[in-house]
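Here, each number is a calculation from the coordinates, and none is a lab measurement. These numbers were taken from a predicted model, which means no experiment stands behind them. Using ideal geometry, Cβ is built from the backbone for each residue, glycine included, and neighbour counts are taken over all protein chains shown.
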Amino acid sequence: MTTTAATPVPLVDLAAQHAQVADEVAAGWADILASTAFVGGPAVAAFETAFARFTGAAHCVGVGNGTDAIEMALRALGIGLGDECIVPANTFIATAEAVARTGASPVLVDCHDDTALIDPAAAAAAVTSRTRAVLPVHLYGQTAEVDLLRDALPDAVTIVEDAAQAHGARRNGQGAGTLGRIAATSFYPGKNLGAYGDAGRCSPPTSPSPPAPASCASTDRPASTSIRCWASTAAWTPCRPWCCPRSCAASTAGTPTGTAPRIVTTHYSPPWTACGRRWSRTGTSRSGTSMWCAWPTGSACCPSSDAGIGAGIHYPTPVHLTGAFAGLGRGPGSFPVSERMANEILSLPLFPEITPEQQERVVEVLAAAVRA
């Protein structure tokens, strides 16, 4: 493929990715339709087993999306009204939204200047007698410093990983999603391991960890599965007086729509991720800029440029500056690093199928923008 200056380069090319696995995906869907197992069933169970093995977790529970996964992880820990959960200001709003949906209050902290990940010291300083959990968010293929975070926190504070942006990443030899007490993951189509539609999972780790509290129903598979379907159980407790089970647990049941593709893409994820790392290193070395670049979103700290490159911003508005969380009372200047990141960070095209010509064009445009 020849890429000219007039040829757009997409942020991600899902059509090209689908073409690699189309036959296997079609066969998986045909099996699901023939079996009529449209909710739960063998396909969901097979994916849960495959993804648990992929991450090194003890169990995996498939759910409707990543936001539901975070909310259910918190509810499994008994977190709700009157509790506080510490969340980085630099994250997708869903992290804080999931906390609010339980009835707990998100408490925001700033991030590191060099990685854009949660600052463990800031998290520790924000702990109060009401703090029940800290939610480190793994971003741009990087894992948060969960080990340092654990050392800085009181034993009573639980670490719940938001691992939606770091499938397959590892820290000190341990996989993202197995570093905290419970982890939540998204399989949104644009992720480096995505579904044909929206999907998510939550799971406890296999690594040694403190005993779970009695209210933590997701420490074994049967209990985790019941949490997934809590809308039909008597144990469900509303987070607000006006909240009903369906409004709070919408789309949480694991369904096979997209599960067969996810089983397939779990198999392909390691080589796809290795390809992304190679392109990341190449782009960084050729650009001649002071940017940093990380898989899977290919984020670069530099002035943005619009020249037919399918760039994005992850994330354009820190949580405290969104209208939904204006009530937290943290205005501009509250979290300066997160606010600066929002103005500077740029997500570049970085996907396994990107061609050398496409990458050369991205690098040329990026370098020209920085020089200008």
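Spin-label model, Ala326 to Thr355: label points 7 Å out along the Cα-to-beta-carbon direction sit 4.7 nm apart.
Based on other C-beta atoms within 10 Å, arrange Val157, Val137, Val61 from fewest to most.
On the way: Val157 20, Val137 24, Val61 28.
With the fewest neighbours first, Val157, Val137, Val61 line up as Val157, Val137, Val61.
Just so you know, the averaged projected area of the alpha carbon convex hull for the range 57-140 sits at 6.0 nm².
In terms of other Cβ atoms within 10 Å, Thr102, Thr322 run from fewest to most in the order Thr322, Thr102. Coupling constants for the range 107-118 follow from the phi torsions by the Karplus curve (6.51 cos²θ - 1.76 cosθ + 1.60, θ = phi - 60°), and in residue order they are 10, 8, 9, 7, 10, 5, 5, 9, 10, 6, 9, 3 Hz; glycine and proline get x.
Amide H contacts for Phe92 (H built 1.01 Å from N in the peptide plane; partners 5 or more residues away or on another chain; cut-off under 5 Å): none found.
Summarising the amide proton neighbourhood of Val9: residues at separation of 5 or more, or on other chains, whose placed amide H is nearer than 5 Å comprise Ile309, Gly310.
Each of Tyr315, Tyr140 was scored by other Cβ atoms within 10 Å of its Cβ. Listed from fewest to most, they are Tyr315, Tyr140.
Ordering 362-369, 14-21 by mean Cβ neighbour count within 10 Å, with the highest value first, yields 362-369, 14-21.
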